Structures are given as C-alpha cells and as structure tokens.
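The values are calculated or read from the model by the stated rules, or taken from the named source; none is laboratory data. Quantities reported herein were computed from a predicted structural model and do not represent experimental measurements. Neighbour counts run over all protein chains shown; Cβ positions are idealised from the backbone, glycine included.
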Ligand code: IMP
C-alpha cells in the first residue's frame, strides 16, 4: 500500500502561489503574458497561478516525454505536443510543477528561445535543487524541497494522485528506490 505523508499543505501552497502571482504581476506591469504549462503536471499550478496574475494573460501548453511509469529518465526529451500559438515577441513564462534534474526545462528553454520571445522566464512550484544535473534556475520558485518523490497538486505517480490537494511524499515508493 502506498503511504502518503503531507509535505506541503494546501494552505501553504495557496499562500505561496498568491505571492508568486503578485511578483509576476509587479514584474510585468503594463504588459501581457503567455503562460505555457508543461502537461500534465503543471495544470493545477497554472490554473491557480493564472488567477493570481492581474494582467492580460493567455495560456498555451506543451507536452514532453518524461518519467513514464518507471520514473526513470532516459536522458533525452521529446516534444509530444508543441504550443498552439506564436512565441515570437511575447512575454513567455514557462510553468512547471517541479524542477528536478533540469533536463526538461533546459530542453524547452532552448526550443522556445530559438523562436525569439520578448522575454522567457520559468515559474516552478517545486525545486529539487540537490538533484540538478542540467544547469538551470527558475525565475520564480515556490518551494525548495529535499530529494523525495512527491505527488499531489498535479504531480503523479504512474498517473495517480494528481488530484490530491496537498503535496505529499510517497513513502512506499521511496523505500522501493
Ligand atoms: P527534470 O527534467 O528532471 O527536471 O524533471 C521534471 C519532470 O520530472 C517533472 O515535470 C515531473 O514530471 C517529473 N518529476 C520529477 N520529480 C518528481 C516527483 O518527485 N514527483 C513526480 N514527478 C516528478
């Protein structure tokens, strides 16, 4: 049986997301934004963050290959779904649930930068900084967390637990590692 231990409560998440939204609103005052969410994990974070940004804001989404069910990375990233709209000349914020090795975001930043946006920033709710193998820092970070496997608030284990309101450590998975 999977054992879940709450790491970050829904109240802590809500307070942090409000803070991040306020910072983004201040940083881009008077401008418009495109939030690009990385499917599927970032959907809940994007939905909450977007409502804390008091600017003209549109959404787009990308999907990339990631852990799959074995939660092992192959070391390469593949674009499964590209953005629908143009990035050129726009203020882009790439919205990611968790920054782990950095592989996914380094790949996406390179792809998007080549399309000449006006600006390109990263908002990551969680940062597993000790696990980083690819050099990248998010511009807006919610929480720095230890190297534990977490689920909830959009994050999954084999597609499960995305709908948990709190962010939890999946204990049984850790033991099996
Ligand atoms: P990176 O490319 O190693 O930075 O990995 C980023 C992706 O790995 C995230 O978007 C998640 O899909 C997945 N991931 C990394 N750590 C976790 C975790 O603790 N729980 C669930 N998914 C994770």
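Conditions tested, residue by residue: (1) in a loop (DSSP other than H, G, I, E, B); (2) modelled with pLDDT of 95 or more; (3) within 9 Å of the ligand (Cβ to nearest atom); (4) out of contact with any strand residue (DSSP E or B) (no Cβ under 9 Å at 6 or more places or on another chain).
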| site | (1), (2), (3), (4) |
| --- | --- |
| 89 | yes, yes, no, yes |
| 94 | no, yes, no, no |
| 97 | no, yes, yes, no |
| 116 | yes, yes, no, yes |
| 120 | no, yes, no, no |
| 125 | no, yes, no, no |
| 164 | yes, yes, no, no |
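So in segment 11-38, with the set limited to residues that are outside any helix (DSSP H, G or I) and under 14 Å from residue 56 (Cβ atoms), which one is farthest from the ligand (Cβ to nearest atom)?
First, pick out the residues of segment 11-38 that are outside any helix (DSSP H, G or I): 28-38.
Now drop any that are not under 14 Å from residue 56 (Cβ atoms), which leaves 28-35.
On the way: 28: 24, 29: 29, 30: 31, 31: 27, 32: 26, 33: 21, 34: 19, 35: 15 Å.
Top of the filtered list is 30.
Just one of (1) touching a strand residue (DSSP E or B) at 6+ places or on another chain (Cβ under 7 Å); (2) closer than 22 Å to residue 164 by Cα; (3) modelled with pLDDT under 95 trips up residue 78, so point out which.
Of (1) touching a strand residue (DSSP E or B) at 6+ places or on another chain (Cβ under 7 Å); (2) closer than 22 Å to residue 164 by Cα; (3) modelled with pLDDT under 95, only one is false for residue 78: (2).
I'd like the residue in segment 1-23 that is over 15 Å from the mean Cα position of the chain (by Cα) and closer than 17 Å to residue 91 by Cα and, out of all such residues, is surrounded by the most Cβ atoms within 10 Å (Cβ to Cβ).
The selected residue is 23.
Just need a number here: residues in segment 127-145 that are assigned to a loop (DSSP other than H, G, I, E, B), surrounded by fewer than 19 Cβ atoms within 10 Å (Cβ to Cβ) and either over 15 Å from the mean Cα position of the chain (by Cα) or within 15 Å of the ligand (Cβ to nearest atom) (or both). Steps first, please.
Pass one, segment 127-145, residues assigned to a loop (DSSP other than H, G, I, E, B): 128, 132-139, 145.
Among the residues that remain, those that are also surrounded by fewer than 19 Cβ atoms within 10 Å (Cβ to Cβ) are: 132-137, 139.
This time we only want the ones that are either over 15 Å from the mean Cα position of the chain (by Cα) or within 15 Å of the ligand (Cβ to nearest atom) (or both), so: 132-137.
Looking only at that region, the number is 6.
(1) more than 27 Å from residue 10 (Cβ to Cβ); (2) within 11 Å of the ligand (Cβ to nearest atom); (3) modelled with pLDDT under 95: which one isn't true of residue 108, the others all being true?
Condition not satisfied by residue 108: (3).
Could you please let me know if residue 137 is farther than 18 Å from residue 37 by Cβ, in contact with a strand residue (DSSP E or B) (Cβ under 9 Å, 6 or more places away or on another chain) and free of Cβ contacts under 8 Å to residues at least 24 places away in the same chain? Reasoning before the result, please.
Details: farther than 18 Å from residue 37 by Cβ: yes; in contact with a strand residue (DSSP E or B) (Cβ under 9 Å, 6 or more places away or on another chain): yes; free of Cβ contacts under 8 Å to residues at least 24 places away in the same chain: yes.
Spelling it out, residue 137 is indeed farther than 18 Å from residue 37 by Cβ, in contact with a strand residue (DSSP E or B) (Cβ under 9 Å, 6 or more places away or on another chain) and free of Cβ contacts under 8 Å to residues at least 24 places away in the same chain.
Could you tell me whether residue 41 is under 14 Å from the mean Cα position of the chain (by Cα) and part of a loop (DSSP other than H, G, I, E, B)? Spell out the reasoning first.
Working: under 14 Å from the mean Cα position of the chain (by Cα): yes; part of a loop (DSSP other than H, G, I, E, B): yes.
Yes; evaluated as a whole, the condition is true for this residue.
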